[in-house]
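A quick write-up on the structure given underneath.
Read-outs throughout are calculated quantities, based only on the coordinates presented, and are distinct from any laboratory measurement. Predicted model only: the values in this text are computed from it and were never measured. As a convention, Cβ positions derive from the backbone with ideal geometry for all residues, glycine included, and neighbour counts pool all protein chains shown.
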Ligand SMILES: C[S@@+](CC[C@H](N)C(=O)[O-])C[C@H]1O[C@@H](n2cnc3c(N)ncnc32)[C@H](O)[C@@H]1O
């Protein structure tokens, strides 16, 4: 259904997501928070927070006088997020909510970040309009989405090929759609939503991954498209897909380039 949110994981996959996605997200979490100029005492929303990587890092930056919120539609992700107690004040308030119907008052946030969520919103303009509503005038917004060029990188193109081989054409097309947000698409949608000074550029990090024999199958298994491999071909096929992926990636190991678009704007 076109109006259903994307990137929906089962409960058990959400547990593994936190572990396998952490190394890939880490440098982007730093970049997205730098882009919104957090300060002690700020009130921040992590939109499409998943298991809460950005929310936890934001809590460390805003300190005991700040407030951090996380919103996501996926109950499994939020359960994992709530189980991770932040090492720094403040406590984080995680809420089940779709991006286009947020349960917060107007102008509530000094900053909103959305890491790898915008490309999965069924209606990007509606979600950003709602985000603009809850951001105070002068407040900052930043989002990351995988760049279209990332799909041709060694890591992502190998994942794409494996998903096509084991999950089929439809699963591969859905995977590729997660890389379809361009800088223009994001800045136009931000201006339409009422943000100002929207800018977007590519951001690339060389990330050294853990040993691939374990990491590549584990990471594959926390993508929603792995669910499609499981449903279409069964668990043996997913195991084989993960093993083949590790073998194909090994010649490029251990450092892979991951490229995202960083879009920023001011309310
Ligand atoms: C790739 S995950 C990113 C999670 C997290 N931001 C991170 O950095 O790991 C995408 C997240 O977007 C959420 N999502 C998708 N559509 C959504 C929507 N319409 N409203 C809120 N969250 C949504 C999914 O449930 C999922 O947790």
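Scaled to the globular estimate 2.2 N^0.38 Å, the Cα spread of the range 122-216, given as radius of gyration, is 1.34.
Just the number, please: percent antiparallel of the DSSP beta bridges in the range 11-266, rounded to the nearest 5.
50
Per-residue extension of 0.36 nm, minus the Cα-Cα distance of residue 184 and residue 205, leaves a gain of 5.4 nm for this segment.
Think of it as helices only: each DSSP H run of n ≥ 4 in the chain is worth -39500 (n - 2.57), and spread over all residues that comes to -14000 deg cm²/dmol at 222 nm. Here is the tail figure for the chain: Cα pairs spaced more than 35 Å apart come to 13 percent of all pairs.
Placing pseudo-labels 7 Å out from each Cα toward the beta carbon at residue 82 and residue 177 gives an inter-label distance of 3.0 nm. Between the alpha-carbon centres of the range 214-267 and the range 6-29 there is a gap of 11 Å.
For the range 159-194, backbone nitrogen atoms closer than 18 Å to the point 7 Å from residue 12 Cα along Cα-to-C-beta are found at no residue. Gain on full extension, evaluated as 0.36 nm per residue between residue 255 and residue 243 minus their Cα-Cα distance, stands at 2.5 nm.
Highest average first, the peptides 210-221, 248-259 ordered by how many other beta carbon atoms sit within 10 Å of their residues are 210-221, 248-259. Going by a ≥ b ≥ c, the root eigenvalues of the Cα gyration tensor, does the range 154-206 fall in the rounded group (a/c under 1.5), the prolate group (a/b larger than b/c) or the oblate group? Oblate is the answer for the range 154-206, as a/c is 1.5 or above yet b/c matches or exceeds a/b.
Relative contact order for the range 130-182: 43 percent, from Cα pairs under 8 Å spaced at least 6 residues apart, divided by residue count.
Between helix 124-134 and the chain, what is the angle of the helix's C-alpha long axis to the longest principal axis, kept within 0 to 90° and rounded to the nearest 10? Roughly 30 degrees between the two axes. Rounded to the nearest 10 degrees, the inclination of helix 11-34 to the longest alpha-carbon principal axis of the chain is 50 degrees.
When peptides 47-59, 195-207, 126-138 are sorted by average Cβ neighbour count within 10 Å, with the highest value leading, the order is 47-59, 126-138, 195-207. Once the Cα atoms are used to define both axes, helix 53-62 deviates from the longest principal axis of the chain by about 30 degrees.
Counted residue by residue at 0.36 nm each, then reduced by the alpha carbon distance between them, the extension gain from residue 125 to residue 149 reaches 6.3 nm. Inter-label distance, residue 89 to residue 107: 2.7 nm, where each label sits 7 Å from its Cα along the C-beta direction.
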